[in-house]
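The block underneath contains the structure these notes are about, expressed in structure tokens.
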């Protein structure tokens, strides 16, 4: 959900060997097979997916109405972003009632109906839980801030002011400004790692853990097939005298997760995935290890820290070698021990094709190349809504911003003397609103997302040409390529369980690797750059290999083991 620390990302990237991990795939594949191992997941940002009621906001019924589309795409699991009652300061990640549905998204009966319909089509539902903080409008916090004697006071993190009345320390919020907000009735400051309307929960309090565990049980009993846990390692916080660099790295985080697993999660055959700041390739098995890990998988978001100078809104060219190191180090740390997820973007990031590809000169081939890469990675792949049709970043103006992070950042920098002209390019390249524009279903008004006059957020103006309706009719579309890639992944266990061997690791243009499993070998070649480049696969004569998929209509240019690659060209060979 939140920003990835660049130092953490690069530290993880550079800390491990680049040699392949020991092959323990048979232990995982045959000894502990799980239903989610070969699943393809799809993230639905509910607010922007499909509006069934004409309110300008997506809803649960809107998701249900598009289940056939998702089934035809090849999706097995839908991860739905928070749909619980919320003031919406952080677009639903500030929850005011954990056991209900926000009226703008529907009712509890709509969730029940969605689960029933999805299960009938063989699709599972993953709900999103925010257990590190609540909204300041949650009844717990309304009570907690009244007095120190209130039974809910210890549900949150409080500290007295310094002698001069200032905040307890210099911790900064991830959404700009201080991480502390003063509460006059108790003469204390409460901690908020994100917006001031998102007070941090105190997991040291037994009652807090009991309440949150009951929330997880509530939704699992209602038929959810799994849970995505938002910034869950922030459940354990450092002492006030320690550095905020320790957020997400405290030992109690693992202990608390094991408590939740023992009490609730272990009782269900579910997929769990943790967004876990502070967890790295060397300790990840403790959290998601097949034998003892309290969760099943985690999100590797370290790549999101690439391509900036320490400020996410200051984009810089990224190193493909650093990109490879991150994937390789997670593979080294977890392969044969536990499981990971594969992602290129999500609701907190810029659009994949705009960030890792070229959404102007090579829009279609770069979007297809990224699909080739994502769906041949080790780990459970997550497709973010709209990526399957190549949705791009959106040309917002500051007046059109909706996300609290970019709004706060923009205001802060303007106050420091920066100009709109200086700030806008970087914000537009990286802002979270890019991922949150309405799903582009057709060329009709508002991209077919809503019948309302005005949707909650701007529709990307390119919806007239980039939309589901148009791509369904085009055999060469990005959408149809995604369908082929998903089918290819599911037909070949090597892409789920196979070993990974990166070829020509230090090549800054091409990411190529083999996937091997039970005597079968596949070669994946992806040109990540918008230039022609020659690449030696170090493989026997490729003209004798079977070309399974290719993102250009013309045949690849092959000479023995060498390929002359066009910009963003990608292909997969069955070698043996």
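The values are calculated or read from the model by the stated rules, or taken from the named source; none is laboratory data. On a predicted model such as this, the values are computed, not experimentally measured, just so you know. Reconstructed Cβ throughout: ideal geometry from the backbone, glycine too, with neighbour counts over all protein chains shown.
Out of curiosity, is residue 185 in contact (Cβ under 8 Å) with a residue 24 or more places away in the chain, under 14 Å from residue 158 (Cβ atoms) and touching a strand residue (DSSP E or B) at 6+ places or on another chain (Cβ under 6 Å)? So residue 185 fails the test.
Take the conditions (1) in contact with a helix residue (DSSP H, G or I) (Cβ under 9 Å, 6 or more places away or on another chain); (2) assigned to a helix (DSSP H, G or I); (3) within 21 Å of residue 567 (Cα to Cα); residue 358 misses just one of them, which is (2). Based on this model, can you work out whether residue 221 counts as in contact (Cβ under 8 Å) with a residue 24 or more places away in the chain, under 30 Å from residue 111 (Cα atoms) and exposed (fewer than 14 other Cβ atoms within 10 Å of the Cβ)? Against the criterion (in contact (Cβ under 8 Å) with a residue 24 or more places away in the chain, under 30 Å from residue 111 (Cα atoms) and exposed (fewer than 14 other Cβ atoms within 10 Å of the Cβ)), residue 221 does not qualify. Of the helices (runs of 4 or more DSSP H) contained entirely in region 42-158, those carrying at least 2 residues that are farther than 19 Å from residue 449 by Cα and more than 24 Å from the chain's Cα centre (by Cα) fall at 108-120, 139-144.
With respect to residue 484, is the statement that it is more than 21 Å from residue 369 (Cβ to Cβ) and within 23 Å of the chain's Cα centre (by Cα) true? No. Against the definition (surrounded by fewer than 22 Cβ atoms within 10 Å (Cβ to Cβ) and either closer than 19 Å to residue 438 by Cβ or at pLDDT 95 or above (or both)), how does residue 364 come out, yes or no? Considered against the rule, which asks whether it is surrounded by fewer than 22 Cβ atoms within 10 Å (Cβ to Cβ) and either closer than 19 Å to residue 438 by Cβ or at pLDDT 95 or above (or both), residue 364 comes out as yes.
Answer yes or no as to whether residue 405 is closer than 20 Å to residue 484 by Cα and either touching a helix residue (DSSP H, G or I) at 6+ places or on another chain (Cβ under 7 Å) or assigned to a loop (DSSP other than H, G, I, E, B) (or both).
It is false that residue 405 is closer than 20 Å to residue 484 by Cα and either touching a helix residue (DSSP H, G or I) at 6+ places or on another chain (Cβ under 7 Å) or assigned to a loop (DSSP other than H, G, I, E, B) (or both).
Checked against (1) at pLDDT below 95; (2) out of contact with any strand residue (DSSP E or B) (no Cβ under 6 Å at 6 or more places or on another chain), residue 283 meets all criteria but (1).
Which is at pLDDT 95 or above and more than 17 Å from residue 363 (Cβ to Cβ), of 483, 464?
After applying the criteria, what remains is 483.
Within the option set 405, 388, being under 24 Å from residue 488 (Cα atoms) and surrounded by 24 or more Cβ atoms within 10 Å (Cβ to Cβ) holds for one residue only, 388.
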